[in-house]
Amino acid sequence: MYQGAIDTIVATMPELADAERKIAVFIQASPQKVLHLNISELARQAGTSPAAVVRFCKHIGAGKYTDFKIWLAKDVYQGWGEKYLPDLELESQTPGTRALHDMIEAVRRTMNALAQTLDPKAVEEAAERIRSAGMTAIFGIGASGLVASDLHQKLTRIGIPSSYLFDTHAQITAACSLRPTDIAFVISYSGETEEMVEVAAQTKARGCFLIAMTMVGQNRLRDYSDLILEIPPVERIYRSAAELSRISQLTAVDVLFNVLISHDLDGAITALERSMQATHRL
């Protein structure tokens, strides 16, 4: 029979050493907060040491601290799928040098993962579809909306008809008025955002070709899509902010943009020169 993390901690309390008991008391008092803390921060806030946290995890049968957090998250967020559980490593007073190093390393890993998931042939097909479409309607909200806006700006610069609206309801409305000659380009890391799933449903009802940029793995957006640009699952859906997922999406957009330019280099250069002269008059 499955036993939750909290129940296990309560049952194990009499066997714990003093330092481990401090950790147990802190977790019972603030289980949701613990999910946001790395091992050093939990030790600091519980008034003990990282080594004691490691011993505590082994004592209750959790193994590694990351395994314990997933176990605890299932208690706190009962009924949530694993990809929706928190995967947060927050720490107070992080030095700038460490934050810089950690982020650069994380971005490097993300780019390596993107090279494995983003199919060049899918990018080439997406570029060809966009070039031949009457108009490319781009959709995305939140952090994915920033990526959608970036794609819209890039297509505009090289003279490819496209649209993007920031308002969520306006996006759904736009999806309802698409024509079969248009293309829908939906950006959603999770592929489960209700508004983007509705956009996809309306798009398919209009008979449009749908390109989705979403993470690897099954989700509802994929069910409506004709072509998928796959992004690596570098972050859980519950996160402090969209960092690595946003970076991977922006990079995928840059790859697509470079392919688009290469398919009509002369036209792209003319359009870029024209916009440059208009916006940077000397």
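None of the figures in this text is laboratory data; all of them are computed from the coordinates on show. Since the structure is predicted, the reported quantities are computational estimates derived from the model, not experimental observations. Every residue, glycine among them, receives a Cβ derived from its backbone with ideal geometry; neighbour counts consider all protein chains shown.
Taking the chain as a Gaussian network, where each spring joins two C-alpha atoms under 10 Å apart, which residue of S225, S149, S40 fluctuates the most?
Of the options given, S40 has the highest mean-square fluctuation.
Of the options Y65, S188, T251, report the single residue whose Cα projects farthest towards the positive end of the charge dipole of the chain (beta-carbon charges: Lys, Arg +1; Asp, Glu -1).
With unit charges placed on the Cβ atoms, the residue in question is Y65.
With a 10 Å cut-off between alpha carbons and a GNM built on the chain, which of D119, D150, D67 moves the most?
Greatest mean-square fluctuation among the candidates belongs to D67.
Give me a comma-separated list of calculated 3J(HN,Hα) values for region 182-187, in order, Karplus coefficients 6.51, -1.76, 1.60 applied at θ = phi - 60°, integers in Hz, x for any Gly or Pro.
Once rounded to whole Hz, the list reads 8, 10, 9, 10, 9, 10.
Only helical DSSP H runs with n ≥ 4 go in: add -39500 (n - 2.57) per run for the chain, normalise by residue count and round the 222 nm mean residue ellipticity to 500 deg cm²/dmol.
That comes out to -18000 deg cm²/dmol.
Rounded to the nearest 0.05, what FRET efficiency do I104 and A205 give with R0 = 30 Å and r taken as the Cβ-Cβ distance? Could you check?
Working from the Cβ atoms, E equals 0.10.
Rounded, prolate or oblate: which fits region 5-84, taking a ≥ b ≥ c as square roots of the Cα gyration tensor eigenvalues, rounded meaning a/c under 1.5, else prolate when a/b beats b/c?
prolate
In vacuum, with every alpha carbon of region 115-279 counted as one equal point scatterer, what does the Debye formula give for log10 I(q)/I(0) at q = 0.11, 0.12, 0.16, 0.19 Å⁻¹? Two decimals, please.
-0.41, -0.48, -0.87, -1.22
Take the alpha-carbon centre of region 24-39, take the same for region 208-226, and report the distance between them in whole Å.
Between the Cα centres of region 24-39 and region 208-226 lies a distance of 36 Å.
Grab the other residues whose beta carbon is less than 12 angstrom from that of I261, score K and R as +1, D and E as -1, and report the net. Don't skip to the end; give the middle numbers.
Numbers: positive: R131, K154, R157; negative: D254, D264, D266.
Charge balance near I261 sits at 0.
Taking a label point 7 Å from the Cα of Q45 along the Cα→Cβ vector, which residues of region 1-37 have an amide N closer than 14 Å to it?
Within reach of a label on Q45: 23-37.
Considering the values [x] 19.7; [y] 21.5; [z] 20.6, which represents Kirkwood radius over Cα pairs in Å as calculated for the structure under consideration?
Read-out from the structure maps to [y].
In a shell of Cβ-Cβ distance under 12 Å around E273, excluding E273 itself, what net charge do Lys and Arg (+1) and Asp and Glu (-1) give?
Neighbour charge sum, excluding E273 itself: +1.
Kindly state, to the nearest 0.05, the FRET efficiency for K64 paired with D119, given R0 = 30 Å and r defined as their beta-carbon distance. All intermediate terms of the calculation are to be shown ahead of the outcome.
Working: r = 33 Å, r/R0 = 1.11.
Calculated transfer efficiency: 0.35.
Please give me the summed charge of the neighbours of G145: other residues whose Cβ is under 12 Å from its Cβ, Lys and Arg +1, Asp and Glu -1.
Neighbourhood net charge equals -2.
Given points 7 Å out from each Cα along the Cα-Cβ axis, report the M135 to H36 separation in nanometres with one decimal.
Reported label-point gap for M135 and H36 is 4.3 nm.
Give the lysines reachable from K58 as a straight Cα distance under 16 Å; neighbours fewer than 8 places away on the same chain don't count.
Qualifying lysines at Cα under 16 Å: K22, K69.
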